[in-house]
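Visitor: The structure follows.
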Amino acid sequence: MDHQDDDRSRPAGGEQAQFSSIIAIAEGILIERYVISAELARALLEHRSAAAGLPVVEAANWLLCTQDLP
């Protein structure tokens, strides 16, 4: 694999910032809903994303769109 292939597999800077925002908003929803710490909200999001076979950002987006975890 050359460096060009590696660069295409990573999100661009603006896209990475958008992903971070989606994840942060989803974590905030979980914090408020379950009255948990930010660390626990992140762990819950990671656990549910892994269980569903989704990247964390997709699970976070799922939560934003459906108000439920995958």
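The values are calculated or read from the model by the stated rules, or taken from the named source; none is laboratory data. On a predicted model such as this, the values are computed, not experimentally measured, just so you know. Ideal geometry is used to build each Cβ from the backbone, glycine not excepted, and the neighbour counts take in all protein chains shown.
Visitor: So, in region 42-51, exactly how many residues are closer than 14 Å to LEU64 by Cα and either assigned to a loop (DSSP other than H, G, I, E, B) or aliphatic (A, V, I, L, M) (or both)?
Guide: Total meeting the criteria: 1.
Visitor: Cβ-Cβ under 9 Å, sequence separation 6+ or interchain: first residue in region 10-33 and in a helix (DSSP H, G or I), partner among the charged types (D, E, K, R) and modelled with pLDDT under 95. Which pairs?
Guide: GLN16/ARG10
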